[in-house]
Amino acid sequence: MYYEKEAYGDPSVSEITDDLVYEDKKPSYRSEVTRILATNPDLIMLEGYTPDSIVMAKEIYKAGYKGAILGPSPVVSANVGLSFSAGILDKEGMYLLRPSWLIDPYWAVEGFAGLSPRSEKDVFLGGMGFVLRLVPGAVIGPYAGVGLGAAHIRPKADNYVDKEETLMALSAGGGLEITFKKQITVRLDARNWSLFNQNHANNGQEYSGGLAIFF
């Protein structure tokens, strides 16, 4: 765990004021909280075990702390995850629901289902894949992911050029999970999508963000 504050009165510059290694599984962390708050930090990052960090976060707020807290990530003790993301795919809007089953803190099986509505056609996406969390439990956790499924193209009623068809959909990329207080997790994704069949292929980039919950 570490905590920081603005340096030299400049909000764009920060310094780590202290870091703390604590004993796990304690019923109270009052002495540790007193030490933390003595430096008057603007941000506290909790990177310990999830149960300990929850107890510590509660005691920090009980002590009157008004700043920001990051962490801990709930993925190390979760079995199921669910995220909803919105962003752009191939410079068009997109919405994706991603349920997941966490095999262990590193690996997860993740499904995806969503829509990319466009001016002349709608693209429906569905499939599943794998996610590898590179630093499980980290407050800011990078991950890599790959998915395989299908994309159903449905032209709008006044579109007489494009035909209705179903293509294979392959995605690969990664992102970040950022955990805030009360284990609210923000998810950011950047992926490349390939929609293809035996006759043609089309590539597009996804840039999206959303919220994730784990239980």
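Restricting the first member to the range 18-41 and to residues that are under 10 Å from residue 52 (Cβ atoms), and the second to residues that are of a type in the set (Asp, Glu) and buried (at least 16 other Cβ atoms within 10 Å of the Cβ), the beta-carbon pairs closer than 6 Å and six or more apart or on different chains are 22/32; 24/52; 29/59.
May I ask you to verify whether residue 109 is surrounded by fewer than 16 Cβ atoms within 10 Å (Cβ to Cβ) and modelled with pLDDT of 95 or more?
Working: surrounded by fewer than 16 Cβ atoms within 10 Å (Cβ to Cβ): yes; modelled with pLDDT of 95 or more: yes.
Judged against the criteria, residue 109 is a match.
The number of residues in the range 127-148 that are crowded, with 17+ Cβ neighbours inside 10 Å and part of a strand (DSSP E or B) comes to 8.
Selection of first residues in the range 68-89 that are touching a residue at least 60 places away in the same chain (Cβ under 8 Å) and of second residues that are basic (Lys, Arg), restricted to Cβ pairs under 6 Å at least 6 apart or on distinct chains, gives the following pairs, ordered by first then second residue: 69/181; 83/98; 83/187. Scoring residue 162 on the criteria (1) farther than 22 Å from residue 70 by Cβ; (2) in contact with a Ser or Thr (Cβ under 8 Å, 6 or more places away or on another chain) leaves a single failure, condition (2). Just one residue in the set 59, 4 is among the acidic types (Asp, Glu), modelled with pLDDT under 70 and either under 17 Å from residue 138 (Cα atoms) or under 28 Å from the mean Cα position of the chain (by Cα) (or both); that residue is 4.
Any residue that is buried (at least 19 other Cβ atoms within 10 Å of the Cβ) and more than 19 Å from the chain's Cα centre (by Cα) - is there at least one of those in the range 150-161? Within the range 150-161, one or more residues are buried (at least 19 other Cβ atoms within 10 Å of the Cβ) and more than 19 Å from the chain's Cα centre (by Cα). Count of the range 164-215 residues, restricted to those that are basic (Lys, Arg) and in a strand (DSSP E or B), is 2.
Counting only residues that are hydrophobic (A, V, I, L, M, F, W, C) and modelled with pLDDT of 95 or more, which one in the range 163-185 is nearest to the chain's Cα centre (by Cα)? Give the steps one after another, and end with the answer.
Here is the first cut: in the range 163-185, the residues hydrophobic (A, V, I, L, M, F, W, C) are 167-170, 172, 176, 178, 180, 184.
Restricting the remaining residues to those that are modelled with pLDDT of 95 or more gives 167-170, 172, 176.
Values: 167: 27, 168: 25, 169: 22, 170: 20, 172: 16, 176: 5 Å.
The extreme case among them is 176.
Whether any residue in the range 170-179 is under 18 Å from residue 89 (Cβ atoms), charged (D, E, K, R) and surrounded by 14 or more Cβ atoms within 10 Å (Cβ to Cβ) is what I want to check. Before you say what the answer is, go through the steps one by one.
Of the range 170-179, the ones under 18 Å from residue 89 (Cβ atoms) are 170-175.
Remaining after also requiring charged (D, E, K, R): none.
No, the range 170-179 contains no residue that is under 18 Å from residue 89 (Cβ atoms), charged (D, E, K, R) and surrounded by 14 or more Cβ atoms within 10 Å (Cβ to Cβ).
The values are calculated or read from the model by the stated rules, or taken from the named source; none is laboratory data. All values derive from a computational prediction rather than experimental measurement. Neighbour counts are summed over all protein chains in view; Cβ atoms, including those assigned to glycine, are modelled from backbone coordinates with ideal geometry.
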